[in-house]
1. Residues that are without any contact (Cβ under 8 Å) to a residue 24 or more places away in the chain and either open to solvent by 40 Å² or more (accessible area, probe 1.4 Å) or touching a Lys or Arg at 6+ places or on another chain (Cβ under 9 Å) (or both): does region 79-93 have at least one?
2. What number of residues in region 65-104 are over 18 Å from Ile22 (Cβ atoms) and under 12 Å from the mean Cα position of the chain (by Cα)?
3. Could you list all residues from region 59-96 that are closer than 16 Å to Ile25 by Cα, in a helix (DSSP H, G or I) and either of a type in the set (Gly, Ala, Ser) or in contact with a strand residue (DSSP E or B) (Cβ under 8 Å, 6 or more places away or on another chain) (or both)?
4. Tally the residues that are in contact with a His (Cβ under 8 Å, 6 or more places away or on another chain), modelled with pLDDT of 95 or more and open to solvent by 20 Å² or more (accessible area, probe 1.4 Å), restricting the search to region 98-135.
5. Checking the conditions here, which among Arg148, Arg138, Arg178 is at pLDDT below 95 and touching a Pro at 6+ places or on another chain (Cβ under 8 Å)?
6. Tell me which residues, restricted to region 148-183, are touching a residue at least 40 places away in the same chain (Cβ under 8 Å), open to solvent by 60 Å² or more (accessible area, probe 1.4 Å) and part of a loop (DSSP other than H, G, I, E, B).
Amino acid sequence: MIYQQEYFEANNILTEEEIQKIIDIGESSNLQEGEIYQQGKTKARNSHISFIGNNLQTKWIYDKFIAAVRLTNKAANWNFHHSEIENLQFTKYGPGQHYDWHTDQHIKPYPNGLTRKMSFSCLLNDDYEGGNFLIETRVKPVVPYEKRIHTILPKKNLTIFFPSFMFHKVEPVTKGMRYSLVGWICGTPFK
């Protein structure tokens, strides 16, 4: 499926105070190694992650992003049918840490029959180097492969929304710490 707008950028979903609260929540949660290996050998992902569940203290985060998902789904003309949001993932990348090319969609639906349809990544800071977000679009370029990979440079409070089946990556951070909040929106499989 080819969409006219394959990914969507939104600025300033959060306030400065809210960004700091999310970083504080993420840092104080049980940060774990976020390692994924390709074919059991090379690290596809090297970061630290924690999950922020939807509860009385964090409902405001979910409310903001669910509202933004609804607006984006309509504005981008994706019109995905969706019904749930997974627990949000706080991600911390230090120097040398990265996440290689991947999609967010799994091979099979979850046991509840749902599949990831839309993903988003909100950049919580931009005072680091490296760590660019790259996304591969499906639009056939005029010159083969020219402009097929789009680089999104660090910009605090920028949220990138995209269909979960699109390939994307985070380049290695070279200096400082990169913080992001990642989410996945689920619904029944595409038909």
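The values are calculated or read from the model by the stated rules, or taken from the named source; none is laboratory data. From a predicted model like this one, the values you see are computed outputs, not experimental measurements. Cβ coordinates were reconstructed from backbone atoms using ideal geometry, including for glycine residues, and neighbour counts include every protein chain displayed. These accessible areas exclude ligands, DNA and RNA; they are computed on the full protein's heavy atoms, side chains included. Shrake-Rupley method; radii C 1.70, N 1.55, O 1.52, S 1.80 Å.
1. Within region 79-93, the first condition is being without any contact (Cβ under 8 Å) to a residue 24 or more places away in the chain, and the residues that meet it are 79.
Within this subset, residues satisfying the condition of being either open to solvent by 40 Å² or more (accessible area, probe 1.4 Å) or touching a Lys or Arg at 6+ places or on another chain (Cβ under 9 Å) (or both) are 79.
Within region 79-93, one or more residues are without any contact (Cβ under 8 Å) to a residue 24 or more places away in the chain and either open to solvent by 40 Å² or more (accessible area, probe 1.4 Å) or touching a Lys or Arg at 6+ places or on another chain (Cβ under 9 Å) (or both).
2. Matching residues across region 65-104 total 4.
3. Ile61, Tyr62
4. Of the residues in that region, 1 qualify.
5. The unique qualifying residue is Arg148.
6. Lys155, Lys156, Phe167, Pro172, Met177, listed by residue number.
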